[in-house]
Structure formats: C-alpha cells, structure tokens
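Undergrad: Following this message is one structure expressed as structure tokens.
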Amino acid sequence: MSTTIHHFIGGESSAGASGRTSPVLNPNTGQTQAEVVLASVDDVHAAIAVAQQAQPAWAALNPQRRVRVIMEWIRLIHANLDSLARTLSLEHGKTLADAKGDILRGVDVLEFCLGAPHQFKGEYSSQVGSGIDTFSLRQPLGVVAGITPFNFPAMIPLWKAGPALACGNAFVLKPSERDPSVPVRLAELFIEAGGPAGVFNVVHGDKQAVDALLDSDVIKAVGFVGSTPIAKYIYERCAATGKRAQCFGGAKNHAIVLPDADIDATADALVGAAYGSAGERCMALSVVVPVGEETADRLRDALVARIPSLTVGHSLDPEADYGPLVSADSLARVRRLIAEGEDQGAELVVDGRGIDTSSSSFDGDGLSGGFFAGPTLFDRVEASMSIYTEEIFGPVLCMVRADTLEEAIAYPNDNAYGNGVAIFTSHGGAARDFLTNVNVGMVGINVPIPVPIAYHTFGGWKASGFGDLNQHGPDSFRFYTKTKTVTTRWPDETSAGPEFTIPVMS
Ligand code: NAD
C-alpha cells in the first residue's frame, strides 16, 4: 500500500483538507512509491497562522539560545544522515554519496548560522551630535517562506530555513512536490532539537499553495529557488504584494578551456561536472568552449575516452556514477533536445539515448521503467541551437569551438543566464582578465563547479537571479532581518527650546 506524505504544521503531521494528492515516484523504477498531499489555500493559511502565533516568543529568545537549537539540530541531522540520504536518493535519483553531499552542504550553512548573533548585532555611533547617540539593530521580519526545487531537497531548504530561523523568524517551507520527504524530516528534527512547535512548518503543494503564500499579508519575505520563469513570476508577484524576495533561477554554465590547460585534469573535471547527478544541478557544466582547434580536438578525445567508463545505474548502487533523471517529463525533455541538436546540425559525438536498462535490476528493483539517460556529448554546437539556448538539465555536454579567448568569453557574457562559469588554464593573467570581465555571478578558476562555501554568498546574475541579496553567507542575515535605526538624547539642563529646522553637523 502506498504511503502518504503529509504537511508538517505546528509540530505535527497534518493531512490538510484539500483532498488533492500527487504521486511521488521512485525514478529508478518509474513506480509510484508514495502520495504527497497538496495544500489548499486554507491549508496554507493554517500553517501561516500557526507560524504567526509562534514567532514572537521565538524572536524574544536571546539569539544564542536560538542557535543552540540549531547546534542540536546539526547533531541530529548527522545522527540521521544515512536514513535521510537513502530517502533522498530514492525520491530524487541522485546517488547515495551525492545525497549525503546534498544534506551536508546544507549543514555547512547551519554551522555558519551558529555565528548569527555576531552577524546581526548592529552598529553604534556615539556623540553624533551634542549628547546624541545613534545605533541600529536588526530585527526579524516575522513569518517568511521558502519555495524550493526538486534538485537539492535538503541543501536548499536548509539554506533558507537556517538563516531565517537563526534571525528569529518563523518559517513556512513549500518544498518540491517531487521529493517532499526529506524536507519534512528536517523540520521534524528541528522540533526534536528543541525548536518550538509552529516555528518551522512544511506545506506541500503546487501553484495553488505557492500563490497562497505569495498573496498572504503575513508572509514578509520569500526565498525561492527553481526555474527562471517561476523565479521571475514569484519576484514580480512579491513586488506587487510588497514582499522582500530573492529568487534564483535556471542556468547554462560554461567552461572555457585555454590551450595551456592540463587537458587530462580538465577532462576529469568536466565529466564530473557535466554528468554528475545526471546533470540536474544548477551549477552543472553544460557548455564547454575550448580555445583553438587543437585544444578542442585534444579535449574531445579526452572526453570520448572517459565517457564509456561511466556507470549509470540505480541510485543506491555504489558502482553508479549517477542515477536516473527525476521524472519521465525530464527524460522526455532531454531526449527531445538531443534530437533537436542533431536536427539543427550539431555533431552528436556520444548519444546517451541508447542506454538500455530493460533487463537491469538492483536489489530486487527492475530498472526497465526508470528515467535513465546516458552521458551525451555534442561538438560544433552553435549559439542559435536549442541545445545551447535552453537549459537541458540532463547529462548533456555541448562543445562550442572558439578561436580566441575574447570570442570564448562572449559566450557566457551574451548568454541569458549567469549562474556559474569556469576557466581552465595555467596562465594567471588570462584567468585574472577572465574573472574581471565575465558577466556571471560565480566563477571557478580550474574549479568546475564553483559553489561558494557557506561563509561566502551564493547567487547568479541575469536570468539566474532576481533580487539584490544572495543566499547564505552574510547576505542571508541581511535578507531575513530589517534594520531599525535609533537616535537618542537624554534630557539635561541645556535644552534650547523647540527647533524648527533640520539639524546639520557644523
Ligand atoms: P521549478 O521551477 O519547476 O519548481 C520550483 C518550485 O516552484 C517548486 O517548489 C514548485 O512546486 C514550484 N512551482 C512550479 N511551478 C510553479 C508555478 N507555475 N507556480 C508557482 N510555483 C510553481 O523548478 P524545479 O524543476 O523543481 O528545479 C529545477 C530548476 O531549478 C532548474 O531550472 C535549476 O537550474 C533551478 N535551480 C536553480 C538554483 C540556483 O541557485 N540558481 C539552484 C537549484 C536549482
């Protein structure tokens, strides 16, 4: 019998009242493994009301007490790491090792949040006028929401929840309905760690639930991560309803390879970054731009030599380098784009559509219905082709040939997206010019997936990010708090009577 994944509201499991559900698949097999309830507007309002009631007491706790809850939360996540990773792997399709990485990169941000009291302790200026002092303090916003994608079901909810909660907000999470179990488990662990009921709630749902969050007067900020059209929609709707928003969208990440790069090391890096997690990472490399025909030929040979050794399999199979895509729709999109690339004149060097799992099985699971795509390599791709313009979000690497570094940099600079970019070279000056001039938010120098560590900030440019503050790092504490600036003067004997002009410093 299929299990049902419920909302988590006020510290308790809640079936909600909508009566609507959506299947949660095991992408290895294509079989439905659970149903997740989808919230009605009333269900979302119930979660918001509970959060609104719980928030003032949470905000009134001194900040080090709040972060002690987070400290215990981290311990509990580590204690439950194996079971969380297994659940995540079976709903998302990423390998067990990668699922642990998903959780641990979220925990990194929780660890950074342990220093939150220092981050928002405010500023003080003494004697800004005669007997006058000014100070500013940062206060929580109230109830805030996170709306998160399927591809990092632990990391991204933790990137939102950790800083929001550390700052004294109550949090309502609307995770992806495709892999909803781990976000609920993380919220349960927060309560087990001593977090008050109602401070961290999870509602599942689709557009109806999202719109209820966006239209609520109680929700003061929305942190979104997902595809660009939805990011833009949410940013615009938040602006219309007077909410603070940071909305991170899709990507098309380029790697530039210069003739002096170590080709073997570069090919290793590209294979991992293009095909790891089946290419379902917003920082996956999907375009490689070698400079010069000779560099391109050497790199292509090195890639072609490596691809056959990759193992695509069940996400729990320790031998698998990567597992299935998340859904039949994702597989259909990847296959469509490969066909379009071929039709539009790109050279299909390795075709991942030929992968055959019809007679494969792992641990009793037959893989014939799984959403598997093999590693795919295109050469001689052009900027007008749909494999270049669209986000494929699958294990497909496109090679675009350039004659000069200037021509190569123009590709990421002119691209609509600006999430991540990398350059492979041993020339410091070229790398320096590149990082200065490239129009992209996160840059790797001989690093293929430059996801910043928790104490720096994460955010893309152009169609990859809407809003002025990035995720995690010091920006997150600014996003989840508002500044109050106070000017004080205490009564003394020197009052000069009423003043009718604006005071200026002389
Ligand atoms: P998605 O946009 O389909 O969904 C993201 C969230 O929005 C989910 O919670 C979903 O339920 C909700 N949603 C979907 N359709 C909606 C609608 N019409 N109205 C309101 N809400 C809606 O994204 P996804 O497929 O879950 O995730 C993959 C995408 O996320 C890729 O484009 C990837 O590049 C991007 N991503 C970006 C980053 C980043 O930091 N820039 C990180 C991870 C993923």
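The values are calculated or read from the model by the stated rules, or taken from the named source; none is laboratory data. Every value quoted in this text rests on a predicted model; they were computed, and no experiment measured them. Neighbour counts are summed over all protein chains in view; Cβ atoms, including those assigned to glycine, are modelled from backbone coordinates with ideal geometry. Note: areas computed on protein heavy atoms with side chains; ligands, DNA, RNA excluded. Shrake-Rupley method; radii C 1.70, N 1.55, O 1.52, S 1.80 Å.
Undergrad: Has region 166-188 got at least one residue that is in contact with a Cys (Cβ under 6 Å, 6 or more places away or on another chain), within 16 Å of the ligand (Cβ to nearest atom), part of a helix (DSSP H, G or I) and within 26 Å of residue 453 (Cα to Cα)?
TA: Within region 166-188, not a single residue is in contact with a Cys (Cβ under 6 Å, 6 or more places away or on another chain), within 16 Å of the ligand (Cβ to nearest atom), part of a helix (DSSP H, G or I) and within 26 Å of residue 453 (Cα to Cα).
Undergrad: Is it the case, given these coordinates, that residue 198 is within 25 Å of residue 83 (Cα to Cα) and surrounded by fewer than 20 Cβ atoms within 10 Å (Cβ to Cβ)?
TA: no
Undergrad: Sticking with this structure for a sec: Please work out which residue is farthest from the ligand (Cβ to nearest atom), limiting yourself to region 207-221 and to residues that are more than 21 Å from residue 470 (Cα to Cα) and among the charged types (D, E, K, R).
TA: Going through the qualifying residues, I end up with 217.
Undergrad: In region 86-106, is there at least one residue being touching an Asp or Glu at 6+ places or on another chain (Cβ under 7 Å), touching a residue at least 60 places away in the same chain (Cβ under 8 Å) and open to solvent by 20 Å² or more (accessible area, probe 1.4 Å)?
TA: Scanning region 86-106, I find no residue that is touching an Asp or Glu at 6+ places or on another chain (Cβ under 7 Å), touching a residue at least 60 places away in the same chain (Cβ under 8 Å) and open to solvent by 20 Å² or more (accessible area, probe 1.4 Å), so the answer is no.
Undergrad: So which of 354, 345 ends up being surrounded by fewer than 17 Cβ atoms within 10 Å (Cβ to Cβ), of a type outside the set (A, V, I, L, M) and at pLDDT below 95?
TA: When all the criteria are applied, what remains is 354.
Undergrad: So which of 497, 441 ends up being surrounded by 18 or more Cβ atoms within 10 Å (Cβ to Cβ) and of a type outside the set (A, V, I, L, M)?
TA: 441
Undergrad: Please specify each residue of region 133-155 satisfying the condition of being open to solvent by 10 Å² or more (accessible area, probe 1.4 Å) and either of a type in the set (A, V, I, L, M) or part of a helix (DSSP H, G or I) (or both).
TA: Residues satisfying the conditions are 137, 141, 155.
Undergrad: Something else about it: Tell me which residues, restricted to region 222-273, are away from the ligand (no atom under 16 Å from the Cβ) and assigned to a helix (DSSP H, G or I).
TA: 263, 264, 265, 266, 267, 268, 269, 270, 271, 272
Undergrad: If only one of 284, 320 is within 16 Å of the ligand (Cβ to nearest atom), touching a residue at least 60 places away in the same chain (Cβ under 8 Å) and among the hydrophobic types (A, V, I, L, M, F, W, C), which one is it?
TA: 284
Undergrad: Looking at region 106-157, which of the residues that are in contact with a strand residue (DSSP E or B) (Cβ under 8 Å, 6 or more places away or on another chain), of a type in the set (Gly, Ala, Ser) and modelled with pLDDT under 95 is farthest from the ligand (Cβ to nearest atom)?
TA: The residue in question is 131.
Undergrad: Then there's this: If I go through region 373-422 residue by residue, how many of them are open to solvent by 10 Å² or more (accessible area, probe 1.4 Å), away from the ligand (no atom under 16 Å from the Cβ) and closer than 17 Å to residue 331 by Cβ?
TA: So the answer is 1.
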